[in-house]
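Below is one structure, written out as structure tokens, with a few remarks after it.
The values are calculated or read from the model by the stated rules, or taken from the named source; none is laboratory data. Just so it is clear, the structure is predicted and the values come from calculations on it, not from any experiment. Cβ: placed from backbone, ideal geometry, glycine included. Neighbour counts: every protein chain shown.
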Amino acid sequence: MFEFFTDRARRAVVLSQDEAIALGHDFIGTEHILLGLVGTDRSTAGDVLREQGVELTRAREETVRILEAAGIAAAGGQPVKDALSSIGIDVAEIQRRADQAFGPGAFQYPRPAYTPHAKKALEQTLREARALGHEKFGTEHVLLGLLAAGQGRGLEVLAALEVDPAGLREAVLARVAGEAS
């Protein structure tokens, strides 16, 4: 599916993974996808989000607050690391050797998995692009997919930032229509 994404949309997805890892989460939720979109420069979704008042630092703070309120701690993949350690695999040593061989940060383990809500949002990306008659999926389609999925903590972050999902959708569609003309 990712082969149909534009370079900026792929960058947003990579940024969502990076955000999850940086926050110590062993999953990628719609909140991380939202952070990836906000953090993508010169992208339709990033521009519209910023115009709607969504700022990356504040969105990140709200993400952490909402997850902590839900009892979701930043585990940094520790349960997986503990399980591997129990059978004699030293993830820290693997990390050290990978950093030596490939450069610092080249090896991230565990790689976070997408939550069901995030998967649904990415599936909606396809539907949104097709509905607009587009073959490639841009950041605008990812944001529209996140909004159309109608669930997930990304929407909670938007609500905490006082962003109306319907108004945001209209702004994205207006931008897409303006770019097409």
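To keep it simple, each residue is scored yes or no on (1) farther than 19 Å from residue 59 by Cβ; (2) in contact with a Leu (Cβ under 7 Å, 6 or more places away or on another chain); (3) modelled with pLDDT of 95 or more; (4) among the aromatic types (Phe, Trp, Tyr).
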position: 130; (1), (2), (3), (4): yes, no, no, no
position: 133; (1), (2), (3), (4): yes, no, no, no
position: 140; (1), (2), (3), (4): no, no, yes, no
position: 144; (1), (2), (3), (4): no, no, yes, no
position: 147; (1), (2), (3), (4): no, yes, yes, no
position: 155; (1), (2), (3), (4): no, no, yes, no
position: 159; (1), (2), (3), (4): no, no, yes, no
position: 167; (1), (2), (3), (4): no, no, yes, no
position: 171; (1), (2), (3), (4): no, no, yes, no
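For region 154-165, the tally of residues that are surrounded by fewer than 23 Cβ atoms within 10 Å (Cβ to Cβ) and either farther than 15 Å from residue 54 by Cα or touching a residue at least 24 places away in the same chain (Cβ under 8 Å) (or both) stands at 6. Among the residues that make up region 87-99, is at least one of them at pLDDT 95 or above and closer than 24 Å to residue 28 by Cβ? Scanning region 87-99, I find no residue that is at pLDDT 95 or above and closer than 24 Å to residue 28 by Cβ, so the answer is no.
Mind listing whichever residues of region 14-47 are free of Cβ contacts under 8 Å to residues at least 12 places away in the same chain and either part of a helix (DSSP H, G or I) or within 11 Å of the chain's Cα centre (by Cα) (or both)? Across region 14-47, the qualifying residue is only 22. The residues on offer are 23, 49, and the sole one that is modelled with pLDDT under 95 and either of a type in the set (Ser, Thr, Tyr) or surrounded by 14 or more Cβ atoms within 10 Å (Cβ to Cβ) (or both) is 23.
Filtering region 61-86 to residues that are at pLDDT 75 or above and β-branched (Val, Ile, Thr) leaves 63, 64, 66, 72. Take region 129-143 and flag every residue that is surrounded by 19 or more Cβ atoms within 10 Å (Cβ to Cβ) and part of a loop (DSSP other than H, G, I, E, B). Result: 138, single match.
Comparison of 146, 173, 126 shows that the only residue that is closer than 18 Å to residue 39 by Cα, assigned to a helix (DSSP H, G or I) and among the aliphatic types (A, V, I, L, M) is 146. Residue 53 satisfies every condition listed in (1) part of a helix (DSSP H, G or I); (2) touching a residue at least 60 places away in the same chain (Cβ under 8 Å) except (1). Within region 109-123, track down each residue that is part of a loop (DSSP other than H, G, I, E, B) and either of a type in the set (Ser, Thr, Tyr) or surrounded by 14 or more Cβ atoms within 10 Å (Cβ to Cβ) (or both). Scanning region 109-123 gives 109, 110, 112, 115.
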